[in-house]
Amino acid sequence: MSAWFRSSLVPALLAALFTVAGGIPAHAHGPSVAAAGASVAMAPDEAVAGTVEGLSVEDLTSGTVTRYVTLRLGNGTALPLRGPAAEGLAPGASVEIGGRRNGKALQADYAQIVAPPRGVAAMQQAAPEVEGTLAMLHVDDFAGGTGTFLFELHADDGSRRPLDLGWLPETLRSGMRVTVAGRTGADGVSIVPERIIVLSQPAPKATAKEGLIAKATTVSRVLVIMANFNNTTAPAYTATQAAAVMTTNSGSVANFYNEASYGQQQLNVTVTPTWVTMAIAKPTTCDYTAIGQAAGAAAKLAGYDPATYGYVVYLFPSSSQGGPSCGWSGLAYVGFPHLAWINGTGAFSTSVVGHELGHNFGLLHAAYLDCGAAPIGGACSVSEYGDRFDIMGNVRPMHFNATQKSILGWIPGTSVKTHNSGSTTYTLSPIESAGGATYAVTIPVTIPPATSPNRTYWLEYRQPIGFDSALSTLQVSGVPVRLDGAQVRVAKPFETYCGGCDSWSDDTQLLDMTPSTATFDDAALVVGQNFTDTANGISITVTAASASQLSVQVTKAGGGATATTVVSSPNPSMSGTSVTFTATVTGVTPTGVVAFTDNGSAIAGCSAVAL
């Protein structure tokens, strides 16, 4: 529809559509759990003020240009803006924005210009155009249960420039070759991007292998550099202790990757025999780049050239050991390059090192989705590290989930079944055991106004085997947790459910099939229990289980052709009058939802209606 139509008729249209009933509420009845309204809950209204910034991403590989609008708040935070009210804002203008949070973005309902653009002279100095590779890091504060993404441009001259993005636009990915133009940030070093040209896509990640499990084994060489500052005393921690964590202990990092990959991912680890001394004093801030460069140079002088290893882990003293105050346990690049930092010997464990190497391999996080009384739907929150059954969470060094093993290429494509319609019973093998015929079932769901799947359920089976042996010790209110259940997660693609988070920061989100106990230790859907996504016509029932297999029945209605007609009343209508639109869907047992949108965007207060 045209801009004139939006501004003239939408208020009347909204008044008519607000009378449409909302999504079906979620309830729990005995062993059955119903859930999943189709709409995403928004946070309460809020108003913020700041300066408008614009970012244009020109993708030469796809021939697309996407413009993003950001609001720079007074505290320096970059807040992404969404919605028609933000689209026409000029960079440099001082504005007040009112709207609702959707993830880290603010869906703008209105924009009031406080002052026009100040002009180039009032902005920071323009930064030179730089070509290089886009890189993303994750800072893991396990003690605080929070993480932060950092973004860099690795220029062709070897320099690394921080990018003040605040979030990663969906058109950008780590490893892309890009040209960045913008201005120098307030710190005098970083670049505030205004234009990014994508020159080439990142090298493809490993994908699920076709056919049977591949017999080929990948051996990755890992160098652990124990590095001390030149004005501090080296911690009383030996190379033998570090090697135990990495290789010789039964619960070592190398043994974890060997088991989780069914022997396909081996780690050949070298630990510097002593603490090497970096040619820098303890920094006043936690400058990971300077630490990495100094540690690498010191290791090379000692005969260990980091350039000859595929992965490098830097271990340096924490603040309690005389080192800098970092506020995190580990830090690693996601996918590129293969570098990780461990803050202090107390953090040098299988959980932390294995987690950071997971980032190096290209994984994000294993989160949980907490929707209160229901497994999914309504007002939800996400705990970035919340999946207690995955090393990419922050509880135990347990197996990567089926989604992540598929991303890493450790399970074959034939072992992941996709359920699109009808009713089928699947037999799942434990995710810990090699040679399974079926490791996972995926159920893609398309929730209007989307035209392609924007929610995907993943089902898998866990047993107390090897690194997952902790399953046998879990209890809820003194009662052992049942092991005859399917774990259910949503994985990419999935829609954002909470304020303050973005779906791109997690690979998966674990659902709690027993929300009444307020713990995720019993999150699995056990034998005799049923999960129903009523809005999307999905039913999941676990019918039987043993130590070697689990049977689960999946039903998804629909699959037949449907027809949708829309009529308006009155027709024709005059500007300023109320207009009611009615959608009618016909077909054999149609499922899904009906949602009205404004120029492709959701209408605030107008919920989707389940058929």
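For region 323-329, putting each phi into the Karplus relation 6.51 cos²θ - 1.76 cosθ + 1.60 with θ = phi - 60° gives couplings of x, x, 8, 9, x, 8, 8 Hz, in residue order, rounded to whole numbers and with x for Gly and Pro. Per residue, the convex hull spanned by the alpha carbons of region 296-421 comes to 154 Å³.
Per-residue packing, averaged as other Cβ atoms within 10 Å, sorts the ranges 182-189, 58-65 into the order 182-189, 58-65, beginning with the highest. Computed on region 141-181, the Cα convex hull volume stands at 109 Å³ per residue.
Ligands, DNA and RNA left out, the 1.4 Å accessible surface of region 253-354 is 51% carbon and sulfur atoms. Between ILE465 and VAL567, residue separation times 0.36 nm minus the direct Cα-Cα distance comes to 30.9 nm.
Once you sort the root eigenvalues of the Cα gyration tensor of region 344-491 as a ≥ b ≥ c, which label holds: rounded (a/c under 1.5), prolate (a/b larger than b/c) or oblate (the other case)? Cα axes put region 344-491 in the rounded bin. Sorted largest first by accessible area at a 1.4 angstrom probe radius, with every protein chain in place, the residues ARG173, ARG72, ARG455 fall in the order ARG173, ARG72, ARG455.
Using the Karplus relation 6.51 cos²θ - 1.76 cosθ + 1.60 with θ = phi - 60°, the per-residue 3J(HN,Hα) values for region 369-382 come to 10, 10, 10, x, 7, 10, x, 7, x, x, 7, 10, 10, 10 Hz, with x marking Gly and Pro.
When the expected Rg is taken as 2.2 N^0.38 Å, what fraction or multiple of it is the alpha-carbon Rg of region 272-361? Walk me through the intermediate numbers first.
Working: Rg = 12.4 Å, N = 90, 2.2 N^0.38 = 12.2 Å.
Against the empirical 2.2 N^0.38 Å value, I get 1.02 for region 272-361.
Treating each Cα of region 369-431 as one equal point scatterer and applying the Debye formula with no solvent, the log10 of I(q)/I(0) at q = 0.29 Å⁻¹ comes out as -1.09. Per-residue 3J(HN,Hα) values for region 333-343, derived from phi via the Karplus relation 6.51 cos²θ - 1.76 cosθ + 1.60 with θ = phi - 60°, read 6, 9, x, 7, x, 8, 10, 9, 10, 10, 8 Hz in sequence order (x marks Gly and Pro).
What a 1.4 Å probe finds exposed on region 419-570 is 54% carbon and sulfur by accessible area, rounded to a whole percent. Derived from the Cα gyration tensor, the three semi-axes of the equivalent ellipsoid of region 196-334 are 31, 21, 14 Å, largest first. The DSSP beta bridges internal to region 376-503 are antiparallel in roughly 75% of cases. Charged side chains reduced to their Cβ positions (Lys and Arg at +1, Asp and Glu at -1) give region 354-416 a dipole of some 160 debye around its Cα centre.
The values are calculated or read from the model by the stated rules, or taken from the named source; none is laboratory data. Fair warning: this is a prediction, and the values are worked out from it, not measured in the lab. Using ideal geometry, Cβ is built from the backbone for each residue, glycine included, and neighbour counts are taken over all protein chains shown. The protein model used for the area step is the full one, side chains on, heavy atoms only, and it has no ligands, DNA or RNA in it. Shrake-Rupley method; radii C 1.70, N 1.55, O 1.52, S 1.80 Å.
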